[in-house]
Every structure is written in structure tokens, then in C-alpha cells.
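Structure first, commentary second.
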Amino acid sequence: MDKLRRVLSGHEDNEESGLTQILDGSTLNYSTRVKWFVICFAAGVLCSILGAALLFLPGGIKLFAVFYTIGNVAALSSTCFLMGPFKQLKRMFEPTRLIATIVMLLCLVLTLCAAFWWKKNLLAIIFCILQFLAMTWYGISYIPFARDAVMKCFTTCLS
């Protein structure tokens with residue numbers, strides 16, 4: 001009977017499909033989303049710290065590159081639990097975040113290339129530093145006026 005009422009009142013078209021709800025993450029309740037965000041983000045931070053600790057082992061540059069990159073991917077993907085993967089991707093490629101997103105994704109790939117294929121340790125470390133800076137700039141973009149404040153602080157310190 002409820003379905004008939006929705007059809008007659010024209011509200012049936014506004015319903016989201018089950019697939020859309022799953023992909024947007026809207027089927028999870030708020031506390032579950034927050035828990036998985038914290039778990040995924042903490043795993044990302046742990047992987048990054050572990051990678052930094054492994055850097056000082058012999059041949060540890062490859063482990064560092066892998067763990068640091070996995071940590072950044074896990075931290076980045078943790079926000080999918082808060083807003084859903086489609087919305088996350090749409091927001092990543094908004095004009096205000098486009099450059100930071102491209103640099104960040106490029107550095108993720110180039111870090112692994114430098115460590116495994118090119119076997120250039122210094123280049124891998126440089127790309128990890130660029131990963132950090134791009135992730136920071138990307139994260140700051142979600143805070144209103146934070147980029148402006150950072151740029152003002154940076155220009156004040158340089159002059």
C-alpha cells in the first residue's frame with residue numbers, strides 16, 4: 001500500500017537504489033562510519049610510521065616506500081567511510097583540490113617507481129616528501145580559509 005501511495009504521489013523516483021546507497025556509504029549508520037574511518041586512518045598512520053622505522057634497515061628504502069605509500073592510500077581512503085566513495089571522488093577532483101589530487105596521486109606512483117624500477121633511493125625519498133606535502137595541502141583544502149592562512153603565514157615568514 002505504501003508503495004502505491006509513493007507511486008501515485010510521485011515520490012518513487014526520488015528513492016535511491018540499493019547500489020547507490022551502498023556506494024555512497026549511506027547504508028552505514030553514523031557511528032559505524034566514524035569507527036571505520038578511525039580504524040582505516042589509524043592503520044594508514046601506523047603504516048606510515050612503520051615505513052619510516054624500516055627506512056633505517058639495510059635495503060629499507062623499498063619497505064619505506066611501500067609502507068609509506070600504503071599508509072597514505074589508507075588514510076586517504078578512510079574518508080570514503082564518512083562521505084562515500086563517489087562523493088569522495090567528486091570532491092577530490094573539484095577545481096580547488098584538482099592540482100593537489102593530481103600531484104598526490106602522481107607522487108604515490110612515482111615513489112614506487114623510484115624505489116623498485118629506477119632504484120633511485122634519493123628520488124624515492126623526495127617523492128615521499130612530495131606525497132606528504134601534497135596530502136597536507138589536500139587535507140587543508142577541506143578546512144575553510146586554511147589554505148589562505150597557510151599561504152599568508154608562509155609569505156610572512158619568507159619576507
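None of the figures in this text is laboratory data; all of them are computed from the coordinates on show. Computed from a prediction, not measured in an experiment: that's the story for all the values here. Glycine gets a Cβ as well: all are built from the backbone with ideal geometry, and neighbour counts include every protein chain shown.
Summary table below
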{"quantity": "R0 of 25 Å, Cβ-Cβ distance residue 56-residue 109: FRET efficiency to nearest 0.05", "calculated": "0.50"}
{"quantity": "Among 51-58, 135-142, the order from most to least packed when residues are scored by Cβ within 10 Å on average", "calculated": "135-142, 51-58"}
{"quantity": "Between segment 94-159 and segment 46-78, the Cα center-to-center distance that results, in Å", "calculated": "16 Å"}
{"quantity": "Cross-link reach list, lysines versus residue 120, counting only Cα pairs under 24 Å and skipping chain neighbours closer than eight places", "calculated": "62"}
{"quantity": "In Hz, Karplus ³J(HN,Hα) per residue of segment 99-110 (6.51, -1.76, 1.60; θ = phi - 60°; x = Gly, Pro)", "calculated": "5, 4, 5, 5, 4, 4, 5, 5, 5, 4, 6, 5"}
{"quantity": "Relative pair counts by distance (%), Cα atoms of segment 52-144, 10 Å bins", "calculated": "17, 46, 26, 11, 0"}
